[in-house]
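Some notes on the structure that comes next.
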Amino acid sequence: PRASANDILEHRESLVERINLTLKEVSDWGDANLVKFNAAKTQSCLFSAKKSPFTLAPTFRGVSVPISDHIELLGVNISSNLNFGKCIESKAKVAAKKLGILNKVRRYFTPGQRLALYQAQVRTCMEYCSHLWGGSAKYQLEALDSVDRRARRIIGDNSLTQAKLHSLQHRRNVACLSVFYRIYFGECAQELHNLVPPSPFYHRTARHRERWHPYVVDIP
């Protein structure tokens, strides 16, 4: 049955109460371990597809933490609907500005030096935390690909870029696989590793399974 407005309000009030209890435990832990938290910089965001306003707000160390439609975490903008369009657009703008500076001084550098500068100063900006937003829509990622195509023209050596500069999509795939590898083999927090279901054991009797990797993973 569909929940009524009163039911939704009760659920939200209960949610905020549980959050406040958790924040109280965090605060008490900080006091016991001489750790100071800046409550004024604490952010809260409700990840939901619902568009109705969330008027309630949790409290941390006596400071109200209003619910926002996004949070800024280590340079990554995460929206409440997990759409990374604005984050990617921001990265593309910053990368384009840096590339513009490189273009102005291109005559002072060789193609190899331009490539090194691009990889160090521009590419890193477009690849940061790509395992989070790498699955975004193609039209959103196109903004970054456009910057990359312009950079290849500025470098001015096709053989060099083809040999030493992988595509952004390739780099995103490598980043995602690297993170997955660490999670799969437990090179991360135990709580995160426990989220990965154990791989089923396949008897290598079937001919088509003999070619499978020993760590094959089923995608649900």
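Answer rounded, prolate or oblate for the stretch 31-131, using the Cα gyration tensor with square roots of eigenvalues a ≥ b ≥ c: rounded when a/c is under 1.5, else prolate when a/b is larger than b/c, else oblate. Judged from the Cα gyration tensor, the stretch 31-131 comes out prolate (a/c at least 1.5, a/b above b/c). Listed by chain and number, the lysines placed with their C-alpha closer than 28 angstrom to that of residue 98 are 86, 138, 164; residues fewer than eight positions away on the same chain are left out.
Evaluated at q = 0.15, 0.19, 0.22, 0.23 Å⁻¹, a Debye calculation over the C-alpha positions of the stretch 85-177 (equal weights, vacuum) places log10 I(q)/I(0) at -0.54, -0.85, -1.10, -1.19. Along the axis of the charge dipole computed for the chain (Cβ charges of +1 for Lys and Arg, -1 for Asp and Glu, origin at the Cα centre), the listed residues 102, 38, 19 are led at the positive end by 102. Projecting the Cα atoms of 122, 57, 184 onto the dipole axis of the chain, where Lys and Arg carry +1 and Asp and Glu carry -1 at the beta carbon, places 122 farthest toward the positive end. Springs join every pair of Cα atoms under 10 Å in this Gaussian network model of the chain, and among 169, 140, 113 the largest mean-square fluctuation is at 113. For the listed peptides 8-15, 81-88, 144-151, a ranking on the average number of other beta carbons within 10 Å per residue, highest first, reads 144-151, 81-88, 8-15.
Under the 0.36 nm per residue contour assumption, what length would be gained going from the current alpha-carbon distance of residue 131 and residue 149 to full extension? It would help to have the intermediate numbers written out before the result.
On the way: separation 18, 0.36 × 18 = 6.48 nm, distance 2.14 nm.
Stretched out fully, the residue 131 to residue 149 stretch lengthens by 4.3 nm.
Here the dipole of the chain is about 1480 debye; that uses its Cα centre as origin and unit charges on the Cβ of Lys and Arg (positive) and Asp and Glu (negative). Here the spin labels are modelled as points 7 Å beyond Cα on the Cα-Cβ line, and at residue 31 and residue 57 they lie 2.3 nm apart. The C-alpha radius of gyration of the chain, expressed as a fraction of 2.2 N^0.38 Å, stands at 1.38. Against the empirical curve 2.2 N^0.38 Å, the C-alpha radius of gyration of the stretch 21-83 lands at a ratio of 1.26.
For residue 50, the aspartates and glutamates whose Cα comes closer than 19 Å to its Cα, not counting residues fewer than 8 places off in the same chain, are 7, 10, 13, 69. Counting only DSSP beta bridges with both residues in the chain, the antiparallel share comes to about 75 percent.
Values in this text are rule-based calculations from the coordinates and carry no lab data. Everything numeric in this text was worked out from a predicted model, so none of it was measured. Counting neighbours? That spans all protein chains shown, and the Cβs are built from the backbone with ideal geometry, glycine included.
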